[in-house]
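Taking it in order: structure first as structure tokens, then the write-up.
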Amino acid sequence: MSDVDIKQAVKQKYAEAARRVRGEGAPASCCGSGAPAPQARASSCCSGSALSGADPITRDLYDSVQIDTLPEAAVLASLGCGNPTALAELNPGEVVLDLGSGGGIDVLLSARRVGPSGKAYGLDMTDEMLALANENKRNAQATNVEFLKGEIEQVPLPDASVDVVISNCVINLSADKDQVLREAFRVLRPGGRFAVSDVVTRGEIDAELRESALAWVGCVAGALDEADYRSKLAAAGFTAIDVEPTRIYRAEDAREFLAASGLDAARIASEVDGKVFSAFIRATKPAHPDDAA
């Protein structure tokens, strides 16, 4: 797939997810399944997928204490693979940027952590998701939140303007991850932190899976190998790089969305068994140029 094709596939799927939250389409899993799922107040792959459902990537990411006071639409629009706001160290007064913020769940949670003296930005390229996020911002009465339209490869913020960059299963969807990481490094202040959840692989993954448009949108095909992720972060200038697996996916986890993508699930599932996992990825922008590796 070309870079343009990948971007359009991602945009279309996220737009569909936003429309489903608004009740404008039948619920379906963004990990490839077209099968209907019951509506529920829960973290979802696309709107309608429930926390208690079968999706191995998106279920049980947020606890009830975190989400009970959020707008329901923000929770239903969550398409993440982790919970960076629970793992990142966010302090009062800091500025946070969420790359690929979707319906805004992680931005709203971050805004709580940094408090009224801080700020949380969300960046997304999909008009439908931005409209939903701004609606959720109003419903949450969040005054320290701003949603920006743009692409994560070209962040519309000045150099050294944020303290923490977070993201939730979005960087893997970019066709130019090196540029995404360079942009994250650019907008971070010296000493700033990169703290994202993403899907990562270990070892070879079947080429047929990586070439599937649905699998790109479903968070698997675009995933970097763990070693590649580390090397790309280092090339961008980051130090103190750590990749911590948070959920390892087995063959049975992959079978449903592989089949729904029209792939040979029986063959491919066994090849990806244990090679795909969600991870919390940490890195730091050196406080001084001399601190760079």
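The values are calculated or read from the model by the stated rules, or taken from the named source; none is laboratory data. As the structure is a prediction and not an experimental result, all values here were calculated from the model. Here the Cβ is made from the backbone with ideal geometry for all residues, glycine too, and neighbour counts use every protein chain on show. Ligands, DNA and RNA are stripped out before the accessible areas are found, and what is left, the full protein with its side chains, is counted by its heavy atoms. Shrake-Rupley method; radii C 1.70, N 1.55, O 1.52, S 1.80 Å.
Could you compute the FRET efficiency for Glu89 and Asp225, with r as their C-beta to C-beta distance and R0 at 25 Å, rounded to 0.05?
Step by step, r from the Cβ atoms, then E = 0.40.
What percent of all Cα-Cα pairs in the range 141-202 falls in each 10 Å bin, counting up from 0?
20, 52, 24, 3, 0
Per the 1.4 Å probe, what fraction of the accessible area of the range 95-140, in percent, lies on carbon and sulfur atoms? Could the numbers behind the result be given before it?
Working: 660 of 1390 Å².
Carbon and sulfur: 47 percent of the exposed surface of the range 95-140.
For the range 89-186, what is the Kirkwood estimate of the hydrodynamic radius, computed as the reciprocal of the mean inverse distance between distinct Cα atoms, to one decimal in Å? Mind dumping the intermediate values first?
Details: mean 1/r = 0.0755 Å⁻¹.
Kirkwood radius, the range 89-186: 13.2 Å.
What are the residues whose amide H is under 5 Å from the amide H of Gly118, where those residues sit 5 or more places off or on another chain and H is modelled from the backbone?
Gly93
Give me the number: length gained by fully extending Ala160 to Ser117, i.e. 0.36 nm times residue separation minus the C-alpha to C-alpha distance, one decimal in nm.
Length gained, Ala160 through Ser117: 13.7 nm.
Would you mind computing, in nm to one decimal, how far apart the modelled labels at Gln12 and Glu271 are, each placed 7 Å from Cα along Cα→Cβ?
It works out to 2.4 nm between the two label points.
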